1. At a threshold of 8 angstrom on Cα-Cα distance, excluding pairs fewer than six apart, so keeping six or more, what relative contact order does region 22-173 reach in percent?
2. Under a cut-off of 28 Å between alpha-carbon atoms, report the lysines in cross-link reach of residue 46, not counting same-chain residues fewer than 8 places apart.
3. As I understand it, the dipole of region 106-172 uses +1 on the Cβ of Lys and Arg and -1 on the Cβ of Asp and Glu, about the Cα centre. Which of 106, 121, 146 lies farthest toward its positive end?
4. Compare the peptides 121-133, 36-48 by average per-residue count of other Cβ atoms within 10 angstrom and give them in order, highest first.
Amino acid sequence: MMSKFTQALLLTLGFYLWCSNFSFAENTDWGTLNKNQQNVLQAYQKNWNDIPSDRRLLILKGLKQFQSMQAVDMENANKRFKKWKSLSSEQRKEIRKRFTAFSKLPPPLQNKIRNNYRKFSKLPPETKRNIRQKWKKMTPAQRHKALKKRKLIKKIKKQKNRMKRLRKRKLRN
C-alpha cells in the first residue's frame, strides 16, 4: 500500500500530464482498473468515472511512470513534491506562469535555455551565488542590456518570428 504522500504525488503528476492535452480513446472506468491502481487512486474512487476519460488515462500514465521509477528517482520526485507543497500559492502561480511562457517558446530556444541551466547548475555554489546577487541588483533595463549583449534577445525575437511564419504556413495548407 502506498502512503498518502505518494498518492498525492501521483495525483499531481496526473494533473500535469492532463495539462499536456493528450487525447486517448481507451476504457478507464473504475471497474477496469487493477487492484493496485485502485488502492493508489482510492481518493478518486467516488468521482473517478466523472473525470474525463482522457484525463483518467493521463493519471494512469503518470501512475505507471511513477511506479516504474528507480528508488532514487522516486525519492527525488518525493522531495520535489514536498518542496512544491511547501511553496505559497503565489509562488506556485508564478512558477506555472513561467512554465507556460517557457512552453510557448520555440523548441530550439527551450533547448538552449535548458543547456544554459545545466551549465549554470554545474558551477560552484559561490559562483552561482555571485551571479544571482549581481542579477538581482540589476534593473530590468540593465538585465535587458546584458541579455542583448549576449545576443539572447535577438535570438528570442528571431525564433518567435520563425514560429509565427511556420504557423502561418500551416494555416494556409
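None of the figures in this text is laboratory data; all of them are computed from the coordinates on show. All values reported here derive from a predicted model rather than from experimental measurement. As a convention, Cβ positions derive from the backbone with ideal geometry for all residues, glycine included, and neighbour counts pool all protein chains shown.
1. Working: 43 pairs, mean separation 25.5, N = 152.
Answer for region 22-173 is 17 percent.
2. 4, 35, 61, 64, 82, 85
3. Among 106, 121, 146, the one farthest towards the positive end of the dipole of region 106-172 is 106.
4. Working: 121-133: 10.1, 36-48: 14.7.
Sorting 121-133, 36-48 by mean packing, highest first, produces 36-48, 121-133.
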